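What follows is a short report on a single structure.
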Amino acid sequence: MSSELAELKSTIRRWTLILGVLQITVGCVIGFIPPSAVQWFRGIVMAHIEFTANGVLMIVFGLLINELRLGAAALKVWFATLQLGTWSNGAAGVAAAFIGASSKLMPTLNEKFPPPHGTDNPIVSGALMLCGVTVMIALLLTLYGLLRNRSTTQ
C-alpha cells in the first residue's frame, strides 16, 4: 500500500471514529429534549435512536477501514456517503419533531403515533431518501473493499 493511501486511510479512520463518537453524543443530548419542546415527540425518540445506533455503526466501520482494499477515490466516496447517510437519518427525526410532520416512508410509526401536521413532509422524506441511498453506497463499498481484500490475500 502506498504511503499516500496509508495516510489517507489513517486520516479517514480517525475522523470516522471521532464523528461516530460525536454522533452518539448528539443522540444522547437529543434524548434530553422534553416532549413539550417539540410538536411531535416521536421524532425526538427516532432521532435519539438513529443517531446513537448510526454512531455505533460509524465506529465499527472506522475500525474496519484497514481491512478495506479501496483506492483513494473510493475511500473518499465511502467516507462521504457514510457521513451523509448516518447524519441524515437522525436529522430526519429532528426535523419531524420540530415540524410536527413525518414521511410516508415511516408508515408503522405514523400509524401508532400520528404526527399533528401530516405524514408527507418533503424535508423529512428527502432526508430519509438521502439516508437510504448514501448508506447503501457506503455498505456496498464496505463489502466490496472487504471482499477485494480477502481475494488478494489468498
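The values are calculated or read from the model by the stated rules, or taken from the named source; none is laboratory data. Predicted model only: the values in this text are computed from it and were never measured. All Cβ positions, even for glycine, are placed from backbone atoms using ideal geometry, and neighbour counts span all protein chains on display. The accessibility values were calculated without ligands, DNA or RNA, using every heavy atom of the protein model including side chains. Shrake-Rupley method; radii C 1.70, N 1.55, O 1.52, S 1.80 Å.
A 1.4 Å probe run over the protein chains yields, for the chain, 53 Å² of accessible area per residue, whole-number rounding.
Partner lysines whose Cα lies under 26 Å from the Cα of Lys9, excluding those fewer than 8 positions away in the same chain, are identified as Lys76. Cross-link reach is defined here as a Cα-Cα straight distance under 19 Å, omitting same-chain residues fewer than 8 places apart; for Lys112 the aspartates and glutamates meeting it are Glu50, Asp120. Which entry is the computed Rg/Rh (Cα atoms, Kirkwood Rh) for this structure: (i) 1.17; (ii) 0.93; (iii) 1.07? Here the calculated entry is (iii). Each peptide in 21-32, 78-89, 2-13 gets a packing score, the mean of other Cβ atoms within 10 Å over its residues, and the list from highest to lowest is 78-89, 21-32, 2-13. Scalar couplings 3J(HN,Hα) for the stretch 86-97, obtained by applying the Karplus form with A = 6.51, B = -1.76, C = 1.60 to θ = phi - 60°, are 6, 6, 5, 5, x, 4, 4, x, 5, 4, 4, 5 Hz; x denotes Gly and Pro.
For the stretch 43-115, what value does the Rg/Rh ratio take when both radii are computed over Cα atoms and Rh is the Kirkwood radius, given to two decimals? Here the Rg-to-Rh quotient is 1.12. When a 1.4 Å probe is rolled over the protein heavy atoms, the share of accessible surface on the stretch 1-124 that falls to carbon and sulfur comes to 67 percent.
Evaluating 6.51 cos²θ - 1.76 cosθ + 1.60 at θ = phi - 60° for every residue in the stretch 38-53, the Karplus couplings come out as 10, 7, 9, 5, 4, x, 5, 4, 4, 4, 4, 5, 5, 4, 5, 5 Hz, glycine and proline recorded as x. Please compute the contact order of the chain in relative form: average sequence separation of alpha-carbon pairs under 8 Å and at least six residues apart, divided by the residue count, as a percent. Normalised by residue count, the contact order of the chain is 27 percent. Helix content alone sets the calculated 222 nm mean residue ellipticity of the chain: runs of n ≥ 4 DSSP H residues at -39500 (n - 2.57) each, divided across all residues, give -27000 deg cm²/dmol. For the stretch 3-13, backbone phi angles converted through the Karplus equation (6.51, -1.76, 1.60; θ = phi - 60°) give residue-by-residue couplings of 5, 5, 5, 4, 5, 4, 4, 5, 5, 5, 4 Hz, Gly and Pro being listed as x.
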